[in-house]
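The values are calculated or read from the model by the stated rules, or taken from the named source; none is laboratory data. Computed from a predicted structure; not experimentally measured. Cβ atoms come from the backbone with ideal geometry, glycine included; neighbour counts cover every protein chain shown.
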Amino acid sequence: MGIFSRLAALLKSNINDLISRSEDPEKMLNQIVVDMNAQLNEARKQVGESIADEKRLEKQVAEQLALAAEWERKAMLALRAGDENLAKEALARKKEHDGQAEQFREQHQKQAHAVEQLKLALRALNNKIEEAKRKKNLLIARKKRAEAQRSIQETMSGMRNASAFEAFDDMAGKIERMEAEAEAHAELNEQFTGDVLRHKFHELEATHGLDEDLVKLKQKMGILPPDPAPAPAARVRASAQDLEAAEQEELAQALAELEANEAAPLRAKR
């Protein structure tokens, strides 16, 4: 199993463990991101070791090539000295180092290719984790919005179940009844303990003009004869004065009767 296959299996195991424990989604997302970062650091470490292996193979290739060149130099030196057997032995050693250099070169090429693949995978993993971080913030925002909507629905449901609006309407009705009772008490106090004279004048003002309106209606219907023709200006003024004097006299009589009615209970008490 490769490095990133192991990391993927570990991440999947951690995520499944978090989900199985049914923790808070926000805490789960934060923990998943923490685990991803930890695994990313582990992946970087593994990739770094692979790059180090590639560098060692490259160095070993160079070392074997250098040794092969050295034995070739020694073979040339033996030939100059006229010792062909020694030159052959030197060339055999050179060939051995050339073979090892070729083997190390093949391993280095494979390792270099693997390192490039690991770098690409590491870059993709890093991008995935960055994308997960961005999605985490969006998911947390969606989770909070869902919680707010659920809270509102629960509040509205609770208000319906508790008949909160009906209780509000009942309270409004009680306040209206209290206001009506207060007005009734005020009216009763005014009639029996307040200024009776002022109350009677209020009643008189309320009914003033009804008799005159009734006469006009009867005249319109033909039940009563119409008013006589208007008199001359002098007679009109005299009639107006007489009418005013009659009204003042009626008013004085009404006042006298009211005062007599008010004084009667006081004389009875004495």
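Odds and ends about this structure:
- Per the conditions (1) modelled with pLDDT of 65 or more; (2) assigned to a loop (DSSP other than H, G, I, E, B); (3) under 30 Å from ALA252 (Cα atoms), the sole criterion not satisfied by GLY194 is (1).
- The residue list ALA90, ALA43, ALA66, ALA52 contains one member that is modelled with pLDDT of 90 or more, surrounded by 14 or more Cβ atoms within 10 Å (Cβ to Cβ) and small (Gly, Ala, Ser), which is ALA90.
- Whichever residue in the range 104-125 is among the polar types (S, T, N, Q) and exposed (fewer than 15 other Cβ atoms within 10 Å of the Cβ) and, among such residues, is modelled with the highest pLDDT: GLN109
- When the test is whether a residue is within 21 Å of GLN253 (Cα to Cα) and either modelled with pLDDT of 65 or more or not in a helix (DSSP H, G or I) (or both), LYS220 does not pass it.
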